[in-house]
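Take a look at the structure set out below.
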Amino acid sequence: MKFLIDNNLSPKVAEGLLRVGHDAVHIRGRNLAAAPDDLVLDTARVEGRVLLSADTDFGTLLAASGANAPSVLLIRRTSGRRADQVVGLILANLEAVADDLSRGAIVVLGEDWVRVRALPIIRGVSR
């Protein structure tokens, strides 16, 4: 899977995903560390990458725009978690949500739970 790792996660997360065969790049590698969220989303969309972040603002932006891409994988409660723990959480759940991410979704991973919301998000409609 192709990932764009947001600035609020360590570049070591990209390195961990690369080690197991995923195409992962941190936004610092694209000179986007100070870029606004909409540019980060556009970059993920254009490059066909899943945006990996801890920032819930991306879900809000996707809902407001009605866009069906890019998919976003949100990691909750990252404070104090080492990069290898974040990678482990992703890998432990990736197979279960891979189809959702390929179709377009916001996937939220907690310590022991997963929430999936298909894109586009249409207000007042639950799928």
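Compute, for the chain, the length of the dipole vector about the Cα centre, with Cβ point charges of +1 (Lys, Arg) and -1 (Asp, Glu) only. Units Debye, rounded to 20.
Here the size comes out at about 80 debye.
Just to check, using Stokes-Einstein with a Kirkwood Rh over alpha carbon pairs, what's the diffusion coefficient of the range 1-84 at 25 °C and 0.890 mPa s in µm²/s?
192
Of all beta bridges DSSP finds with both residues in the range 2-118, what is the antiparallel percent, to the nearest 5?
Within the range 2-118, antiparallel bridges account for around 25 percent of the total.
Among 51-59, 32-40, how do they line up from the highest to the lowest mean number of other beta-carbon atoms within 10 Å?
Packing order, densest peptide first, comes out as 51-59, 32-40.
Any idea which of Val25, Ala44, Pro70 is furthest toward the positive side of the dipole for the range 11-73, if Lys and Arg beta-carbons carry +1 and Asp and Glu beta-carbons -1?
Positive-most Cα among the choices belongs to Val25.
Simple spin-label model, 7 Å along Cα-to-Cβ: Ala35 to Asn93 in nm?
Between Ala35 and Asn93, the simple spin-label model gives 2.4 nm.
Amide H neighbours of Leu52 under 5 Å, at least 5 residues apart or on other chains, H built in the peptide plane: list them.
Placed amide hydrogens put Leu4, Ile5, Asp6, Leu73 under 5 Å from Leu52.
FYI, it's all coordinate maths here, none of it is from the lab. Treat the numbers as computed from the prediction; the structure is a model and nothing was measured. So basically every Cβ, Gly included, is an ideal-geometry build from the backbone, and we count neighbours across all protein chains shown.
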